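Take a look at the structure set out below.
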Amino acid sequence: MSTDNEKNDTKHTKLTLPEHVGIPHVLEIAWPIMLSMLSFAAMNFVNALWVGPLGKAHLAAAGIGGVLLYAIHGFGYGVLTGLKISVSQAHGAGEDLYARRLLWHGLRLALWMGLLEILFIPLGGPLLQLLGASDAVSPLAEEYFAMRVIGGVPAFIMTALTQYLQGRGRTVAPMVAMIVANLFNVVLDPMFIYGWGPIPEMGIGGAGLAASISFGFGALYLLWVPRPELTGTPRHFERPLLARIWRLGFPLGGRATLEIASYLIFTGILAAMGDAHLAAHVIVVRTISVSFLPGYAISEAVSVLVGQAIGARRIDLVADIRKAGLKIAVSFMCACGVVFVLFPVPLTAIHGATPDVVEIAVELFVISALFQLFDAFAMTGLGVLNGAGDTRFVLIATVSVAWLAKLPLGYLLAGEVGMGAAGAWWGIVFEVIVLWGVVAWRLRSGGWRRAADAERVRSDAAEALAAT
């Protein structure tokens, strides 16, 4: 039962939102998320930099071990995204205590997810072999995977705190936490990989352990940031609150898992085309992540602002938020696309590619420029749907398109038609065009508004039940 003080705390004042939401409002939320994502990518780059001198097998092990980690970790990350959506709507409605109680339940969920992930350590070897790891790479990848998984609890706690703060529009602190984790990783990587003082040489396992410890420091920083909100909030378990996070996040967790699975199959299609085709694909993906990750950050910012607008009963602002996000995403990603079209050879040469790989990559860069444009539209629309709580539709739309459009067409054009990697990439372009069309239909039909209204009714019922 809640005390009288707790009941009084549930009185709320709706968030004061501007008359119109424009580009500055979206950028204010988005730019720290952009830097956070680029910082995360930098951590993987630093790991590869330090592991590289150990040999090709070690470098390949870090790569495939990381793929398996993210395939498993992606579900938990998606589930915790439900915390951001529910907190953003609560924040918009001025329900401060409710948002803080959601945080405690998000932290519980993060702890359970991290402990559950540890159970996958014994399965690392068989799963890595399913992914195609060779006999030389498999034991090394298994060691790296195990060391990364033991850091699952702090990594998920950091994720939960990030989702909570982003939902309240406080995106700078999670960015700082990611930078803190990166700085520790830069220092700890050589110490654990090659040994230093009393620390024994651990090889590739040291790289995984360094990353896990670094996320621990990031989590500690984020625990310190909202400590007044944590200490002043009731911690007792309330099933309706946990159920709300799970209801919104489970579809996004399922989406992450199934999309990663489709990507692994897609990579297998490219691998069957030959090493040159696969290498060209890897180079292009790494390069366009410079534009893709900021585009995704804009989608996340749109999601936060839409959630806050819905919580504040300002549905009229959703169109403004979408337009502002779309202008930023299209402008930035089109500019990057122009660079990819004009300078594909220098961009490929940076990676030291051989002439046959360069020839394939040049064609992929041109195709990726077209992908950029449609992806900007699709990601912005998905941000609106997520913020509205229409996550079940997001799951159905994204997974259906990935499995029924990208994979069949990519396989047909790459293998049967003989277009190789270029054919597979036309499958990606087709996927994002279809996804954009489906998302646009959902936005025009008003289905997202019905989903938002239904979620709001469930949220009010959950809040009332939790307060009794």
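The values are calculated or read from the model by the stated rules, or taken from the named source; none is laboratory data. What you are looking at is a predicted structure, and each value in this text was computed from that prediction instead of being measured. Positions of Cβ are generated from backbone atoms using ideal geometry, with glycine treated the same way; all protein chains shown enter the neighbour counts.
Below is a table of values for the structure above.
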| quantity | calculated |
| --- | --- |
| Helices (runs of 4 or more DSSP H) wholly inside segment 226-345 that include at least 3 residues being touching a Ser or Thr at 6+ places or on another chain (Cβ under 7 Å) and crowded, with 18+ Cβ neighbours inside 10 Å | 239-273, 275-311, 318-342 |
| Pair list, Cβ < 6 Å and 6+ apart or interchain, from segment 343-354 residues that are under 14 Å from R286 (Cβ atoms) to residues that are hydroxyl-bearing (S, T, Y) | L347/T287 |
| Residue match in segment 50-70 (condition: under 30 Å from L241 (Cβ atoms) and either in the same structural domain as R168 (by TED's automatic domain parsing) or assigned to a helix (DSSP H, G or I) (or both)) | yes |
| Residue within segment 390-409 that is more than 18 Å from H281 (Cβ to Cβ) and outside any helix (DSSP H, G or I) present | yes |
| Odd one out for A421 among (1) aliphatic (A, V, I, L, M); (2) within 22 Å of the chain's Cα centre (by Cα); (3) farther than 22 Å from L80 by Cα | (2) |
| Any hit, segment 361-380, residues being in the same structural domain as G423 (by TED's automatic domain parsing), in contact with a Lys or Arg (Cβ under 8 Å, 6 or more places away or on another chain) and modelled with pLDDT of 90 or more | yes |
| Residues that are crowded, with 24+ Cβ neighbours inside 10 Å and either in contact with a Lys or Arg (Cβ under 6 Å, 6 or more places away or on another chain) or not small (G, A, S) (or both), drawn from segment 166-191 | Q166, G167, T171, P174, M178, N185 |
| Unique residue being at pLDDT below 85, of a type in the set (S, T, Y) and surrounded by 13 or more Cβ atoms within 10 Å (Cβ to Cβ) when the list is S36, S2 | S2 |
| Test for A41: is it under 24 Å from G218 (Cβ atoms) and either in a helix (DSSP H, G or I) or in contact with a strand residue (DSSP E or B) (Cβ under 7 Å, 6 or more places away or on another chain) (or both) | yes |
| Residue within segment 88-101 that is in contact (Cβ under 8 Å) with a residue 40 or more places away in the chain, surrounded by fewer than 18 Cβ atoms within 10 Å (Cβ to Cβ) and in contact with a helix residue (DSSP H, G or I) (Cβ under 6 Å, 6 or more places away or on another chain) present | no |
| Residue tally, condition surrounded by 19 or more Cβ atoms within 10 Å (Cβ to Cβ) and either closer than 21 Å to E359 by Cα or charged (D, E, K, R) (or both), over segment 393-418 | 5 |
| Which numbered condition W104 fails, given (1) surrounded by fewer than 24 Cβ atoms within 10 Å (Cβ to Cβ); (2) hydrophobic (A, V, I, L, M, F, W, C); (3) out of contact with any Pro (no Cβ under 9 Å at 6 or more places or on another chain) | (3) |
| Pick from segment 19-37, criterion more than 22 Å from the chain's Cα centre (by Cα) and assigned to a helix (DSSP H, G or I), ranking: farthest from A173 (Cα to Cα) | I23 |
| Matching residues in segment 119-169 - criterion: being closer than 20 Å to L220 by Cβ and of a type in the set (A, V, I, L, M, F, W, C) | M147, V149, I150, V153, A155, F156, I157, M158, A160, L161, L165 |
